[in-house]
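Trainee: Next up is a structure, given as structure tokens.
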Amino acid sequence: MAALKWASSHVGLRRSILWILLLALLVTLLGTLVWLAGRYEASQIQSRLEADAAETVTDIRAGLTRNIQGFQALQSSERTPDTWHLPAADMMREHREIMRLEWRSESLKTLVYADTPYRSPVFERLGRETTQADVSLACTTARRLSGAAYSTSYFMPQPDGLGFEMLDMCMPIMVAGRLSGYIVATYSLQEVLSELVGKQVARGQSLSFTEADGTRLALYGTASRGSRIYVAQQLLDLPGNTLVLRLESRQGTPAFFPNVLTALVTAMSLALMAVLFLLARDMRRRLKVEHDLGEALAFRKAMEDSVVTGLRARDLSGRITYVNPAFCEMVGVDAKDLLNQSFPSPYWPPEMADTYQQRQAIRLAGNNLPREGHESVFMRPDGTRFPVLIMEAPLINAVGKHTGWMSAILDVSEQRRVEELSRASQERLQATARLAMIGEMASLLSHELNQPLAAISSYATGSLNLMKDEAAGDWPLDAPAGHLSNDLQQAMSRIAEQAERAGKVIKSVRDFVRRRDQAREAVPPRALLDAVMPLVSLQARKLSVTVAIDVDSSCPPVLCDRTMVEQVLLNLSRNGMQAMQDTQVQPGSGNAARVLTLRVRPAASNEHSSWVEFAVIDLGEGISPEVAEQLFTPFFTTKVEGMGLGLNLCRTVIEQHGGFLGYEAVQPRGTIFSFTLPVAPPPGKN
């Protein structure tokens, strides 16, 4: 057995080595073919570029020669400087490469010149004198050669911040074998490239003149994009000067298949490599699938063991084929005792086994099981019952066949316990809310009944004092008959009014706490003030405060709950008078420093309704920023015996009427509390 394994492994190793050698040979052959093809195509491109460079040099030399013939034609007849300028200008319009054309005397003095019409004069910035040495040298060479000669190139800056690389051509003028002058032409090297070179050659390539050391003098054209750069250089040998023409081209990588034989060999090699690659990939995929399958099984097993949801699988006949550890722990039964079990299941309560069996038979008979699940009750071996939520779905195998059902079971006993606790807490909160409402109602009643009860007490005390004075005989002798009876009758009437008012306060506060709609009526603003003036006057006399009333007669009746609005006026008035307790009164000035003003006037109207503004103005110390932040907060107060409900109640009442309660400071001292009430609609309108 060991020998068989060794032989098998030896054969496998030898095959692997042969395949590796074959693959290496094919890769080497293909690489060599590609390299040779690339070298061949690169040599072809370089050859074409060299030919283009030679052709370009020929074109430039021919163009310069034609220009010399044109210069000779200018002097073919007797011309004067006046008649020379016109044909020279015509020639320059035809040759954009010439920047300036000059006729000079034997002493190189400029007789007449013409500039190119296509740009501003090139010597406008530095002047022609800066290049006089180059011109003299070129003309000396031309006289020695008895023909045209060229100067070295030079850079001439222009007014626009740019410049040109230029050279001068000097041609002697011979008349009857005697020197009579010179023709000097100034060339732009860049224009020479653009005008004297064929457009087909310059397309997709860059042309440039360079010096022998590689310094670029002029550039024309832009090389197309490519991964390789090809360069060809040719000498442009001119009399008196030699330039280097550089032709640059960027080409892509040479084609892989320069000929049919290479293409066929490459195709066969690629086909063989593709087959080898597919075989190797198939083997790798099989190994990867086996590895992934093992990983997936291990992952599924770890996931099933870690979840707290019970999983149970049944076949078409209802037998249990799979359970996870969470389900076994939930029902308290081992997996070996659950697998292959049919109905009834060991975790069913005995009293519900028949019902469960009928329900399962109905559910398993159909394929459309509800996704939302259903509730049931399971039993542990010790008899403990617990509620569960069961969600079932069909089990479909790899070929799409229905093989059973998968169930997810959740133990919801803890959820039911939490729901019961939440229900009990909700009931306790409702009871607490009702107690809080009762406490709020009691607090409001104690706060609002304080004023009418105080008034009743004051009137009752006054009545007792009158009766004591009558009994003691302290009544004035000049008092009219029946005066005591009238005073007692008036006091009893006031006591009855305040008692009735207390009853209305109780009813209004009860409706307010219960958030019922109060009965509202149209009430004149003055009537509201008159109703509270008796109580306000009592408080004012105790605190030495003068009460002033300012009512605009044009104010219409307002729609309000009369009792609650009167309580708002009473609370604001009492707060205003108490705010002036610490105000010092100067002797002989009366109560001028303690004046409480009750003001009523129309408020600003909008497009929907009109409003009446009520204001209570005091001359107290004002409201500090610390107090202003909590002014309307319930149970916040600055008074020793206060409850902190007055202003909060006032704002709530006004907001229920649709109005607004606010305050502002009065200069130099004091505070204005104001609120708005809606105007009552005219009679007969809602």
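The values are calculated or read from the model by the stated rules, or taken from the named source; none is laboratory data. What you see is a predicted model; the values in this text were computed from it and never measured. Positions of Cβ are backbone-derived with ideal geometry, glycine not excepted, and every protein chain shown enters the neighbour counts.
Trainee: Sort out which residues of the range 383-418 are among the basic types (K, R), in contact with a strand residue (DSSP E or B) (Cβ under 9 Å, 6 or more places away or on another chain) and not in a strand (DSSP E or B), and write them in order of number.
Mentor: Residue satisfying the conditions is R416 alone.
Trainee: Looking at A7, is it modelled with pLDDT under 75 and either surrounded by 10 or more Cβ atoms within 10 Å (Cβ to Cβ) or not assigned by TED's automatic domain parsing to the domain that holds V231 (or both)?
Mentor: The answer is yes for A7.
Trainee: Is it the case that E195 is part of a strand (DSSP E or B), in the same structural domain as L101 (by TED's automatic domain parsing), closer than 26 Å to E55 by Cβ and not small (G, A, S)?
Mentor: Taking the combined requirement at face value, the residue does not satisfy it.
Trainee: Considering only the range 305-322, how many residues are farther than 15 Å from L410 by Cβ and touching a strand residue (DSSP E or B) at 6+ places or on another chain (Cβ under 7 Å)?
Mentor: 7
Trainee: Test G590 against the criterion of being at pLDDT below 60 and either assigned by TED's automatic domain parsing to the domain that holds T637 or of a type in the set (A, V, I, L, M) (or both), and give yes or no.
Mentor: yes
Trainee: I'd like to verify a number: residues in the range 537-563 that are touching a residue at least 60 places away in the same chain (Cβ under 8 Å) and either among the charged types (D, E, K, R) or closer than 26 Å to G622 by Cα (or both), how many?
Mentor: Of the residues in that region, 2 qualify.
Trainee: Between residues in the range 288-309 that are in a loop (DSSP other than H, G, I, E, B) and residues that are among the β-branched types (V, I, T) and at pLDDT 75 or above, which pairs lie under 9 Å by C-beta distance while being six or more apart or on different chains?
Mentor: From residues that are in a loop (DSSP other than H, G, I, E, B), the pairs are T309/I409.
Trainee: Return only the number of the condition from (1) within 29 Å of E94 (Cα to Cα); (2) at pLDDT 85 or above; (3) of a type in the set (A, V, I, L, M, F, W, C) that A223 does not satisfy.
Mentor: (2)
Trainee: Given the options P117, P121, P159, name the one that is touching a helix residue (DSSP H, G or I) at 6+ places or on another chain (Cβ under 7 Å) and either part of a helix (DSSP H, G or I) or assigned by TED's automatic domain parsing to the domain that holds Q190 (or both).
Mentor: Result: P117 is the single residue among P117, P121, P159 that is touching a helix residue (DSSP H, G or I) at 6+ places or on another chain (Cβ under 7 Å) and either part of a helix (DSSP H, G or I) or assigned by TED's automatic domain parsing to the domain that holds Q190 (or both).
Trainee: A further question follows. What pairs come up if the first residue lies in the range 45-57 and is surrounded by fewer than 15 Cβ atoms within 10 Å (Cβ to Cβ) and assigned to a helix (DSSP H, G or I), the second is at pLDDT 85 or above and not aliphatic (A, V, I, L, M), and their beta carbons are under 7 Å apart, counting only those six or more places apart or on different chains?
Mentor: As it stands, the answer is A54/Q234, since those pairs meet every condition given.
Trainee: To continue, here is another question. Restricted to the range 348-401, and to residues that are among the aliphatic types (A, V, I, L, M) and exposed (fewer than 11 other Cβ atoms within 10 Å of the Cβ), which residue is modelled with the lowest pLDDT?
Mentor: Among residues in the range 348-401 that are among the aliphatic types (A, V, I, L, M) and exposed (fewer than 11 other Cβ atoms within 10 Å of the Cβ), the one modelled with the lowest pLDDT is A365.
Trainee: Starting from the range 667-682, take each residue that is surrounded by fewer than 19 Cβ atoms within 10 Å (Cβ to Cβ) and list its partners that are of a type in the set (A, V, I, L, M, F, W, C) and part of a loop (DSSP other than H, G, I, E, B), counting only C-beta distances under 7 angstrom and pairs at least six apart or across chains.
Mentor: Cβ pairs passing all conditions: R669/L619; I672/V666.
Trainee: Given the criteria assigned to a helix (DSSP H, G or I) and polar (S, T, N, Q), does S107 qualify? Break it down stepwise before answering.
Mentor: On the way: assigned to a helix (DSSP H, G or I): no; polar (S, T, N, Q): yes.
No; evaluated as a whole, the condition is false for this residue.
Trainee: Kindly evaluate A335 against the criterion of being touching a helix residue (DSSP H, G or I) at 6+ places or on another chain (Cβ under 6 Å), among the hydrophobic types (A, V, I, L, M, F, W, C), exposed (fewer than 15 other Cβ atoms within 10 Å of the Cβ) and without any contact (Cβ under 8 Å) to a residue 60 or more places away in the chain.
Mentor: Taking the combined requirement at face value, the residue satisfies it.
Trainee: Same structure again: Out of (1) surrounded by 12 or more Cβ atoms within 10 Å (Cβ to Cβ); (2) in the same structural domain as Q360 (by TED's automatic domain parsing); (3) in contact (Cβ under 8 Å) with a residue 24 or more places away in the chain; (4) not in a strand (DSSP E or B), what's the single condition that is false for M273?
Mentor: Single failed check for M273: (2).
Trainee: Based on this model, can you work out whether L619 counts as more than 21 Å from T563 (Cα to Cα), aliphatic (A, V, I, L, M) and at pLDDT 75 or above?
Mentor: yes
Trainee: Now for a separate question. Identify the residue in the range 40-60 that is at pLDDT below 75 and under 56 Å from the mean Cα position of the chain (by Cα) and, among all such residues, is farthest from S188 (Cα to Cα).
Mentor: E41
Trainee: Still on this model: When you scan the range 19-35, do you find a residue that is farther than 30 Å from Q158 by Cα, β-branched (V, I, T) and not in a helix (DSSP H, G or I), even just one?
Mentor: Within the range 19-35 (the criterion being farther than 30 Å from Q158 by Cα, β-branched (V, I, T) and not in a helix (DSSP H, G or I)), the answer is no, since none of the residues qualifies.
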